[in-house]
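We did not get these values from a lab; they are worked out from the coordinates using the rules stated. Here the structure is a predicted model, which means the values were calculated and not measured. Reconstructed Cβ throughout: ideal geometry from the backbone, glycine too, with neighbour counts over all protein chains shown.
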Amino acid sequence: MVPQLSWYLALSAVLFTIGVVGVIIKRNIIAMFMCIELMLNAVNLTFVAFSSFFQDVTGQLFVFIVMTVAAAEAAVGLGIIIAIFRNRESLDVDDASILKF
Amino acid sequence: MDWSTVLDIILKFVAITIAFTVVLLIVAYTVLAERRVLALIQGRLGPNRVGYGGALQPFADLLKFILKEDIVPDKSTRFIYFLAPVIATMAALMTMIVYPFGPETSIPFIGTIPLSIARFDVALLYVLGVTSVGVYGLALAGWSSNNKYSLMGGLRSSAQMISYELALGLSLIGVIMLAGTLDLQKIVEMQSAWHGFRWIIFLQPLGFIIYLIAAIAETNRVPFDLPEAETELVAGFHTEYSAMKFALFFLAEYINMFTVSMLATTLFLGGWNVPFAEDIFGRGTFLFGLVSVLGFLLKVIFFLFLYIWLRGTLPRFRFDQLMNFGWKFLLPVALLNIFLTATLLILYMSYSGSR
Amino acid sequence: MLVLLFILFAGLAIGCAIALVAQRNPLYSAISLIGVFISLACLYVMLAAPFIAAVQVIVYAGAIMVLVVFVIMLLNVEQEERRRSRLGFLVPAAVVLAAVLVAEAAFIIWFVDKSHATPTQNISDTGLTSSIGSALFTKYLLPFEITSILLLMAIVGAMTLARRIKEIPAGAAVVPGAQVLPLHMFDRSVPLSDTRGVEAYGTEEVAEVLDLPDDHDLTKRD
């Protein structure tokens, strides 16, 4: 018996769900960012699984582009986090509530 | 599972054991050789009391490291403190499996075996990936020691390593363009032309120089060893490590040196190709394999000697000079090398119709 | 055999993902995320995509996570404290709805699996570097070029966010990280007893701020 496509899809769904739970639960902004990366990786796994089972290279190319976008987003996002930290000395998202009514 | 799979797995384990033992022995004797050659350059004798000419010194050092007291700093993060040398050593050792030590030889009673542990298409990318993961060992070691000098040393080491990794990768692209593949065994086989003399160093001299400089910076050796020099930051990121954990870091640095030398030999100096050996011995025979493996080891030892020679001769860079050099000079020169190689390759291919 | 490997790597991925969410120290979360990336890379190798696996380790585990670990170390992020949860009745409702969702998903997967409409994994050329490369440069050239422009935008954006302003307002307090250099070092006519300092991140910046020629050579000490 070999691993079926549905197993990879189920694993990807579980990882994605854990990422969503992490974004909702965590209060530290860097930890939230890492959970977003986990979600992106779960989607990458789906793409690669489909590309392998249907013998189409488009899936892997899309993964390549997603990785590039994730790298760009990491650089800019961490720059923003550092700027926030410089101004406010705390990385707790619940403290960044100045715009709240 | 049928018997041939089990036999394959057992053979692979035997190959891995032999390769690791050989590598660890060579690395241990590299430490001794470094001390003696440095001593020669500096006009004194190195360790020569233990065994004939100091030949048993590595074992004496090993005994000392095992029996030393293991001091753990009080406020350090325990898990990461123990994990860091493991990551550094693992990343250094894992690159060993893709290098071809010799051609396909027929060993009596076993048959024809290729003299490398594993073969896959993306071997060169695998080596780059594993060296990227090795950066964590230094960064986590610096952080977990709870010591601001270690932290600075660790961050500087990691920043230097990731800066020069770029130049390293870019200098290899010229080689990949010439060879047309990422598979290290095919690259070595491609260098067997011209009676075993078609080494890529003759086709890519600029790439070789860039690779050498980037490799010396990757392994944190003189002249790029500011983060771990004794006069600068005590001992950098491994200040708070004692006994066996320090031995692991030490070992990881020398194994990194060794793997980088092996990569340079495989890519630029023709790997196991000894010129005219194929005409004398004939392909696939046992003597040809033996001569090829000896040639490979000789080339690697030449690179290690070059490392030690540089250590005895050059002063070290200041950290901002080092970063300036890596980003503002080496990276543009590596890009220029790619551009030149691509242009010349297109001209050559359109003129002669093949690579 | 492949099933065992799949269970191993999938278990490792899920375990590290749960550790990522459950840990309160962000550095441990970062290490767990590196574990997730490496186990996903092993899964990609099982799916006959070695190039994507190697790129995953180089880009994600070797570059992005190094950046995150640097930021955690530089900002000295401490652990999250546990706060009292104010959810109340929402938690059992969430559990029930989640169970319904999982049951639906499991039913769909089981149904599609049994119907033999799913494909099987064959040995083919997709996943080799050459096929990805040829597709990237012929059919998907436009996304490739746009991605390079995106990376350029990211570089410019990150540099703009991290830039420091060069003018020093009058009466400013000393910014941590700036050097305060004595004025005598730049203007030799000022006596050494003058204790005014200039604050900047380096001698070149000071020379610019004070409008002096920067022939300051630190290798010649007098």
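Observations, loosely collected:
- Using a Förster distance of 51 Å, the FRET efficiency for C:Arg86-B:Ile113 (Cβ separation, nearest 0.05): 0.15
- Each of B:Tyr99, B:Tyr81 has some number of other Cβ atoms within 10 Å of its Cβ, and from fewest to most they run B:Tyr81, B:Tyr99.
- Most mobile listed residue (B:Leu345, B:Leu67, B:Leu25) in chain B, GNM with C-alpha springs under 10 Å: B:Leu67
- For the residue pairs A:Lys26/B:Lys75; B:Lys12/B:Lys299; A:Lys26/A:Lys100; B:Lys186/C:Lys139; B:Lys68/B:Lys148; A:Lys26/C:Lys139, the C-alpha atoms sit more than 30 angstrom apart in A:Lys26/C:Lys139.
- Within region A:74-89: backbone nitrogen closer than 12 Å to the A:Ile98 label point (7 Å, Cα to C-beta): A:84-89
- Note on B:Thr21 and B:Arg78: their simple-model spin labels are 3.7 nm apart, each label 7 Å out from Cα toward Cβ.
- Inter-label distance for B:Phe276 and B:Val6, nm, one decimal - labels placed 7 Å from Cα along Cα-to-Cβ: 5.0
- Among the trypsin sites (Lys or Arg not before Pro) in region B:30-107, those located in a DSSP loop and surrounded by at most 15 other Cβ atoms within 10 Å of their own Cβ are B:Arg44, B:Arg49, B:Lys68, B:Lys75.
- Likely footprinting exposure, B:Trp199, A:Trp7, fewest C-beta neighbours within 10 Å first: A:Trp7, B:Trp199
- Structural descriptor for chain B: relative contact order 22 percent, calculated from alpha carbon pairs under 8 angstrom and at least 6 residues apart.
- With a simple spin-label model that places each label point 7 Å from the Cα along the Cα-to-Cβ direction, the separation between B:Tyr29 and B:Leu67 comes to 2.5 nm.
- When the GluC sites (Glu not before Pro) in region C:1-83 are filtered for DSSP coil states and for at most 14 other beta-carbon atoms within 10 Å of their beta-carbon, the remaining sites are C:Glu78, C:Glu81.
- If R0 is taken as 41 Å, the Cβ-Cβ distance between A:Asn87 and A:Thr58 corresponds to a FRET efficiency of 0.40.
- Computed lengthening from C:Leu8 to C:Ala99, 0.36 nm per intervening residue step minus Cα-Cα distance: 30.2 nm
- Potential lengthening of the chain between B:Thr285 and B:Leu335 amounts to 13.8 nm, from the contour at 0.36 nm per residue minus the alpha-carbon distance.
- Trypsin sites (Lys or Arg not before Pro) restricted to DSSP loop in region A:10-101 with at most 15 other C-beta within 10 Å: A:Arg27, A:Lys100
- Rounded to the nearest 500, the helix-only mean residue ellipticity at 222 nm of chain B stands at -22000 deg cm²/dmol, with each DSSP H run of n ≥ 4 adding -39,500 (n - 2.57).
- Euclidean distance of C-alpha centroids, region A:65-101 and region C:11-89, integer Å: 17
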